[in-house]
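Undergrad: First the structure, then my questions, so here it is.
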Amino acid sequence: MTSEKESRVPIMAEGSCLLRKMEISVAEAEKRTGKNAVNMQETYTVYLIETRPADSVTEGHNPVPDSLWRRYSEFELLRNYLLVTYPFIVIPPLPEKRAEFVWHKLSADNMDPDFVERRRIGLENFLLRVASHPVLSSDKIFFLFLTEENGWKEAVFETGFLAKSDSRLKALNATFRVKNPDKRFSELKHYSDELQSVTSQLLRVRARVADRLYGVYKVHGNYGRVFSEWSAIEKEMGDGLQSAGHHMDAYAASVDDILEEEEHYADQLKEYLFYAEAVKAVCRKHELLQYELETASQDLASKKQQQEELAAGTVRTFSFKGMTSKLFGQETPEQREAKLKVLEEQIKEGEEELQKEFVKNAWKDIERFKEQKDHDLREALMSYAVMQISMCKKGIQVWTNAKECFSKM
Amino acid sequence: MSGMSADPAQALPAVMSPLSGQMLELDEDDDLEVFSKDMNLMDGSPMNASMPTSPASMINQYKFEEETDAKDIFVTVDNPESHVTALETFITYRVVTKTTRSEFDSCEYEVRRRYQDFLWLKERLEEGHPTLIMHPLPEKFVMKGMVERFNDDFIETRQKALHKFLNRVADHPILSCHEDFKIFLTAQAWELTSHKKQGPGFLSRMGDTVRAVAASVRGVRNRPEEFTAMLEYVDSFGQKMISLDKVTQRIVKEQKEYLGELKEYGPVYTLWSGSEEELVEPLKGVASCIDRCCKATEEQIGHLSENLVPLLHEYVLCTDSVKAVLRRRDNIQAESEAKNDALANRKADREALKDSKDLGFVLGSFLGKKPEEAKQQKEQRLDSEINELKEEVERLEDKVECANNALKGDWLRWQGNMRSDIKAAFVSTAEKNVDYYEKCLAVWESFLTSQTAAHDMESNSGHSS
């Protein structure tokens, strides 16, 4: 199996521009202290982003990469911008904000060096995913994020993306009230829910299994201690006991590396747990647009009905005058006709927007995402098998050695 | 015995084991007679005054005759059965003996025995050979948790332990020749019951107990260094066994909990495969691997529970046995020392009489005896007491020497057995662990191979990636 890093490199989509041109890495992490927005002292971690032209190294010399420091909240800002600006794209997720699904040995502390290291890898992974995306990689703000330390925040806010973002309430409203949901999107949403549920379950059980495995290995360390003490009172068995004891100690210690490696597997699962949320975001956007379309159609339908009623002379129980003036204002039939036509066109345009731009693009990205997911998860499962194989081989070696020592007692 | 070192823990060049052809000393023909059924030395009641002709032959009794490679007696314990009577319910075990020994009338025997019978046998053997080290019997009760007496695991563990106990007796050159061992193996149930009743009476057994208690209260004065070293070793050893017993049981517990979680892990992959298309095969593959690893883990736990755990527990019991043996040896020595003291006292009295310092006969003259006669009577009385005591002292000193030699010889035998038992148990455990990891390795490797093959097929057929 190739190195860890290679197995985690996302598959290069066709036309992925930025990654071809530029090497990107999150090289380091550092602690900083400073004053926050409410003028209180806080400690936070910053990450060093290094970039350099992709072809620069191949020319035989190693130029110093450009670099800047970013903290986690800036990554979040970038991602929120991308979410709003490209609602039809499944936006790559960030690594988790706080350590979850921990087993007892790992601390849930954000300052813990192992957690910081895994987060560094996760942030790098995020940047590489964006940089290799056919659409996202050409975004200007993303480019500035990588290259402009100062002034980037202002640039983001200048795009006015905040105004474009849909309120959660609106989105929730749409979910419940949409009448004709697109079957494909409903199925996709259902699949995302299942994926979230099953990956979080898997992560929880895996953490418990890891915890138990840790216990089994560590208890064997006691053999080491007792054998060593016992060897002091034995003459013939002494040597055998002593060396067997060393192997027991080695066995107990080996579990630390084994479980550290498994954390990478857990991280791969987590990425897709969070990806599922990103897919749901696309589905929600679709629902919203669908709902708006349906509402607009509904308006048009009731206006048409009104017009027919006017023409047919049908009277309603409520104030006829009041309603017509509400709907049509003080207008002439010709003006009404014109307004209706405009509305019709607007709806048609809306429909086009929905149909062409959103659904087409969304579905294209979803297909891309599906392929990526199948590839990545398959690789992850295989690397998990590789880890298990490595663990078994270590076990065989230790116990074979121990057996030899016991045989010599 | 020549060649015995003072330090019991120091190894002789050869390891003593029951089946090996090793020996301590090659004895001549006259010692072979010692093992015929007619000469039951140190058997039955200690009140029995039929002693062998000379101390020398007594000492020789405890030299081991050359052990041949071929065992001539095979004993198995199996087939537990439950018996219900009006008064109680109990389990009997089948004891099968196959032997070519001449003192047995037939070459094959099959009897049924219950735990009480084994206990009786052990007590008889201990009485006959107080300083030989025997393998322990399984415990009467198990204190841990609510273990029913008739729980299957309990019965199986007990049966295996009883089998080992009998086999160790059968392998012992001296113990296996004990009359009661033969009766145990061959007598019908009613015969055994009546024989048990014939044994030393209650009163004589009480006498033993009283003497033993008195001796232990007295304490031994000059314990030889080598026996003190043995005691210290057994103390340390016992602590190690207790620790190892605890550690191993903890490992079993942790393994069981690990297995519990693992059993929930595989099904989640299967569940996931239900919502996927392309990933169905790899997900199901992983689920299947985990399930097979579960089975391997179960086997490993079973092996540990059935081999290492009982073995370590046996050796915890062993240390108690050995400590009891050392105590009994001490008591024998204490008894001998006490008799020596008594003899010294009488001799001093006799000396005092010679110097006419004893005024007791003056009193006697008041009762109408002539002083000279009284003195003579007392002299005679003391002389006969002294002679009796001298005989007793000689007997007891021989007894001490026999006991010491028996123990020294058996100590090496015990150490040898201990080494081979422990070695075998740990080697077997290590082997099983290797086997466990090899099984799991094969499972994951075959998964990986099948996945790589499938992937190659896909890419060759012009699919994605």
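Undergrad: Per residue of B:408-419, what is the mean number of Cβ atoms on other protein chains within 10 angstrom of that residue's Cβ?
TA: So the per-residue partner count for this stretch is 1.
Undergrad: Compute the distance from the alpha-carbon center of the stretch B:72-86 to that of the stretch A:339-409, in whole Å.
TA: Their Cα centres are 62 Å away from one another.
Undergrad: Could you work out how much longer the chain between A:A171 and A:T295 gets when fully extended? Use 0.36 nm per residue separation minus the Cα distance between them, nm to one decimal.
TA: Extra length available between A:A171 and A:T295 comes to 43.2 nm.
Undergrad: Given axes a ≥ b ≥ c from the Cα gyration tensor, I'd like to know whether the stretch A:186-238 is rounded (a/c under 1.5), prolate (a/b larger than b/c) or oblate.
TA: It comes out prolate by the Cα gyration axes.
Undergrad: Quick check: net charge around B:E281, other residues with Cβ under 13 Å of its Cβ, Lys/Arg +1 and Asp/Glu -1?
TA: -3
Undergrad: With +1 assigned to the C-beta of every Lys and Arg and -1 to the C-beta of every Asp and Glu, and no other charges, what is the dipole magnitude of the stretch A:38-180 about the Cα centre in debye, to the nearest 20?
TA: Once rounded to the nearest 20, the dipole reads 880 debye.
Undergrad: Let me ask something else about it. How much length is gained on full extension from A:Q201 to A:K179, taking 0.36 nm per residue of separation minus their Cα-Cα distance?
TA: Full-extension gain reported as 4.7 nm.
Undergrad: Under 1.5 on a/c is rounded, so check that first for the stretch A:103-218, then, if it is not, pick prolate when a/b is larger than b/c and oblate when it is not; a ≥ b ≥ c are the square roots of the alpha carbon gyration tensor eigenvalues.
TA: oblate
Undergrad: Listed highest first by mean packing, meaning other Cβ atoms within 10 Å per residue, what order do A:212-221, A:145-154 come in?
TA: Going by the mean number of other Cβ atoms within 10 Å, highest first, we get A:212-221, A:145-154.
Undergrad: What FRET efficiency comes out for the pair A:S25/A:E229, r = Cβ-Cβ distance, R0 = 60 Å, nearest 0.05?
TA: Once rounded, the FRET efficiency stands at 0.75.
Undergrad: Lys and Arg at +1, Asp and Glu at -1: add these up for the other residues within a Cβ distance under 14 Å of B:T76 and post the number. Walk me through the intermediate numbers first.
TA: Details: positive: B:K71, B:R94, B:K98, B:R112, B:R113, B:K160, B:K164, B:R168; negative: B:D78, B:E108, B:E110, B:D171.
Here the count lands on +4.
Undergrad: Considering only protein heavy atoms, what is the solvent-accessible area of A:K364 at a probe of 1.4 Å, reported in Å² to the nearest 10?
TA: Accessible surface of A:K364 is approximately 150 Å².
Undergrad: Would you mind counting up the charge near B:E391? Only other residues with Cβ under 15 Å from its Cβ, with Lys and Arg at +1 and Asp and Glu at -1.
TA: Details: positive: B:K339, B:R346, B:K347, B:K390, B:R395, B:K399; negative: B:E335, B:D383, B:E385, B:E388, B:E392, B:E394, B:E397, B:D398.
Taking every Cβ under 15 Å from that of B:E391, the sum is -2.
Undergrad: Related question: If you take the beta carbon distance between B:E445 and A:E367 as r and set R0 to 41 Å, what does 1/(1 + (r/R0)^6) give as a FRET efficiency, to the nearest 0.05?
TA: On the way: r = 34 Å, r/R0 = 0.82.
The value I calculate is 0.75.
Undergrad: Averaged across A:388-396, how many Cβ atoms of other chains sit within 10 Å of each residue's Cβ atom?
TA: Details: counts 11, 8, 2, 4, 11, 3, 1, 7, 8.
Counting Cβ atoms of other protein chains within 10 Å of each residue's Cβ and averaging gives 6.
Undergrad: Continuing with the same structure: Would you calculate the separation in nanometres between label points at A:V38 and A:E148, each defined as 7 Å from the Cα along the Cα-to-beta-carbon direction?
TA: 3.1 nm
The values are calculated or read from the model by the stated rules, or taken from the named source; none is laboratory data. In this text, all values refer to a predicted model and were calculated from it rather than measured experimentally. Cβ sites come from the backbone with ideal geometry, for glycine too, and all protein chains shown count toward neighbours. Heads up: the accessible areas ignore ligands, DNA and RNA and are worked out on the full protein's heavy atoms, side chains in. Shrake-Rupley method; radii C 1.70, N 1.55, O 1.52, S 1.80 Å.
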